[in-house]
1. Return the residues of region 79-96 that are among the aliphatic types (A, V, I, L, M) and surrounded by 11 or more Cβ atoms within 10 Å (Cβ to Cβ); say none if nothing qualifies.
2. Condition (residue is outside any helix (DSSP H, G or I), in contact with a His (Cβ under 8 Å, 6 or more places away or on another chain) and surrounded by 15 or more Cβ atoms within 10 Å (Cβ to Cβ)) applied to region 220-238: is it met by at least one residue?
3. State all residues of region 255-278 that are among the polar types (S, T, N, Q) and either surrounded by 16 or more Cβ atoms within 10 Å (Cβ to Cβ) or touching a Lys or Arg at 6+ places or on another chain (Cβ under 6 Å) (or both); if no residue qualifies, say none.
4. From the list Ile72, Ile33, which residue is within 30 Å of Asp85 (Cβ to Cβ), of a type in the set (A, V, I, L, M) and modelled with pLDDT of 85 or more?
5. Check Pro60 against each of (1) assigned to a loop (DSSP other than H, G, I, E, B); (2) more than 56 Å from the chain's Cα centre (by Cα) and name the one condition it does not meet.
6. Looking at Ala40, Ala76, Ala30, which is the one that is of a type in the set (A, V, I, L, M, F, W, C), in the same structural domain as Arg99 (by TED's automatic domain parsing) and either surrounded by 10 or more Cβ atoms within 10 Å (Cβ to Cβ) or in contact (Cβ under 8 Å) with a residue 40 or more places away in the chain (or both)?
7. Tell me which residues, restricted to region 248-268, are touching a Phe, Trp or Tyr at 6+ places or on another chain (Cβ under 9 Å), outside any loop (DSSP other than H, G, I, E, B) and of a type in the set (A, V, I, L, M).
8. Taking Ala336 as meeting all but one of (1) assigned by TED's automatic domain parsing to the domain that holds Asp245; (2) of a type in the set (Gly, Ala, Ser); (3) closer than 22 Å to Trp145 by Cα, write down the number of the exception.
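The values are calculated or read from the model by the stated rules, or taken from the named source; none is laboratory data. Every value quoted in this text rests on a predicted model; they were computed, and no experiment measured them. Every residue, glycine as well, gets a Cβ built from its backbone with ideal geometry; the counts of neighbours run over all protein chains shown.
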Amino acid sequence: MKNKEHNRQVRDTVVKKFKAGFGYKNISQALNIPRSTVQAIILKWKEYQTTANLPRPGRPSKLSAHTRRRLIRDAAKRPMITLDDLQRSTTEVGDSVHRTTISRILHKSGLYGRVARRKPFLKDIHKKCCLKFATSHLGDTPNMWKKVLWSDETKIELFGNNAKRYVWRKSNTAHHPEHTIPTVKHGGGSIMVWACFSSAGTGKMVKIDGKMDGAKYRTILEENMMESAKDLRLGRRLVFQQDNDPKHKAKSTMEWFKNKHIQVLEWPSQSPDLNPIENLWKELKTAVHKCSPSNLTELELFCKEEWEKMSISRCAKLIETYPKRLTAVITAKGGATKY
C-alpha cells in the first residue's frame, strides 16, 4: 500500500531546515518523518528547485504508438468507418481496447463523429457547370443580385421524418402519449409548394394541386410571379431564377418569358448550394413542424403563414452574402459547400 503523501507545508519545512544547516537525521527526528523521506524531498528540491508535485505520466497507454497512428490514419482516409471496425482492426494487431479509448484518441487528433450531411450526387459535368457559373458571376455587383427573383418548388410532409423534438421526461416514460410525436405511414401525406423571394423579402407561395406540367407552371408564373415582382418592387429590369426542370425550360415557357421581356438567369443543373431559397426552405420546414399541423389543410395554412413571417433582413442577408457563396463553390471546385 502506498504511503500517504506529505503536504506542501511539511516539504517546505524540510527544505528550510536543510538550508539552516540541519542534517537529515535531525530533520527526521524534529518532524517525525523517515530519514529516507527527508532525503527524497531534498534531492527533488536540489534537482527541480521546487517542493511542488511534478506532472505524472499516468498509466501507460494500452495502445502502441504505431497502432494509434494507424487508427487516426484509417479514420481520416475512411470517414465513414465505424468504431466497431476500428476496434476490430486494433484487436487483429493484438491491441484490444474499448471503443471509448478509440474515441478519445480520435478526439485528441481533432476527429469527431458527426451526422453526415446529405448532398445531391454531383457528376464531373455538374461540378464543371457550377464552377463556371460561380466564376462568371463572382464579379457581379451587389445591385445585380438585388434584382433577382429566386424561385423553387419543394415538398413538405405533414409529419416530417427528419423533424426532431426534445421532451423532458422521467425514465420508462418514453412511450407515454405526451412524450411521443404521432406519425403515420408514408409521412401522413404531403403538399408541393412553389414560392419566390428577393432581397426585399418573400413573394407569393402557392400550393401545387396535382401533377405539375408546363401549362400549370405558366399559370403560376402569370398569377404569382408577376405580382410578387411588383410587390417586391423589382422593376422592369427583373432577373428571374429557376432551375433546369423540363417544365421550366419548355419551349412554350421560354416563349412566355420572352413575350413578357423577362430575363431568365442561366442556371447550372444539380446546384442547390447556389440557390439561397434552399436556406429558407429549411427554416420554413422547421417552423411549420413546430406548429404541429394535424392535417394537410393546416399544413398549407401554416406554410403560407410562416413564409410570410420570414423577415426582410433574413432575405437581404442571404443575398448580401451571395458572393461568399460563389467563392465557396469556386474553392470547392464546383463541389458541395456548407451552403
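1. Of everything in region 79-96, those that are among the aliphatic types (A, V, I, L, M) and surrounded by 11 or more Cβ atoms within 10 Å (Cβ to Cβ) turn out to be Ile81, Leu83, Leu86, Val93.
2. Within region 220-238 (the criterion being outside any helix (DSSP H, G or I), in contact with a His (Cβ under 8 Å, 6 or more places away or on another chain) and surrounded by 15 or more Cβ atoms within 10 Å (Cβ to Cβ)), the answer is no, since none of the residues qualifies.
3. First, the residues of region 255-278 that are among the polar types (S, T, N, Q): 259, 263, 269-271, 275.
Once the filter is applied, which keeps residues that are among the polar types (S, T, N, Q) and either surrounded by 16 or more Cβ atoms within 10 Å (Cβ to Cβ) or touching a Lys or Arg at 6+ places or on another chain (Cβ under 6 Å) (or both), region 255-278 yields Gln270, Ser271, Asn275.
4. Among Ile72, Ile33, only Ile72 is within 30 Å of Asp85 (Cβ to Cβ), of a type in the set (A, V, I, L, M) and modelled with pLDDT of 85 or more.
5. For Pro60, the failing item is (2).
6. Working: Ala40 fails: in the same structural domain as Arg99 (by TED's automatic domain parsing); Ala30 fails: in the same structural domain as Arg99 (by TED's automatic domain parsing).
From the options Ala40, Ala76, Ala30, the qualifying one is Ala76.
7. The answer is Val264, and nothing else.
8. Status for Ala336: all satisfied but (1).
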